[in-house]
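The structure appears right after this line, and notes come after that.
The values are calculated or read from the model by the stated rules, or taken from the named source; none is laboratory data. Being a predicted model, the structure only gives us computed values, none of them experimental. Here Cβ is always computed from backbone atoms with ideal geometry, including for glycine, and neighbour counts include all displayed protein chains.
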Amino acid sequence: MPVLGERAVVLGASMGGLLAARVLADFYRTVTVIDPGSGFFSATSDFGVISQLDTVNICVPTPLRKTKDPDMSYIVSACQQIAKYFHKEKCDGKPFAGQRRWQVFPRR
């Protein structure tokens, strides 16, 4: 898709705002979401920013296969991209409330 500009901003991080940010990300290099109640969010397609972060939360679809088990390919793909940039010393094994039993650990 053609890039229309460098930066775009969306006010509001509701479902509509996040959807708008996702669509704008196809046309702008950087999309920032500002939510007046909770600060701001920044969106990018550059996985390199992961090296500067303290945490990575994976929120990708896990559709059911015909066999009714979850298709984990989106999670595997996300983990492969994250592994290129996330540093082992930043990994933490502490569970969070509501966390599933399985966890993603760094590749050795």
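Couple of notes before you dig in:
Every residue, every condition in (1) more than 21 Å from Lys84 (Cβ to Cβ); (2) of a type outside the set (A, V, I, L, M, F, W, C), yes or no:
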{"residue": "Arg22", "(1), (2)": "yes, yes"}
{"residue": "Val33", "(1), (2)": "yes, no"}
{"residue": "Ser38", "(1), (2)": "yes, yes"}
{"residue": "Ser42", "(1), (2)": "no, yes"}
{"residue": "Ser45", "(1), (2)": "no, yes"}
{"residue": "Asn57", "(1), (2)": "no, yes"}
{"residue": "Thr62", "(1), (2)": "yes, yes"}
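- Pairs with Cβ under 8 Å, 6+ apart, first in region 44-57 and among the aromatic types (Phe, Trp, Tyr), second modelled with pLDDT under 75: none
- Close pairs (6 angstrom Cβ cut-off, 6 or more residues apart or separate chains): within 24 Å of Pro2 (Cα to Cα) in region 13-38, small (Gly, Ala, Ser) and surrounded by fewer than 14 Cβ atoms within 10 Å (Cβ to Cβ) anywhere: Tyr28/Gly5; Thr32/Ser42
- Hits in region 28-62 (condition: loosely packed, with under 10 Cβ neighbours inside 10 Å and part of a strand (DSSP E or B)): Gly39
- Of all residues making up region 7-27, the number that are among the acidic types (Asp, Glu) and loosely packed, with under 12 Cβ neighbours inside 10 Å: 0
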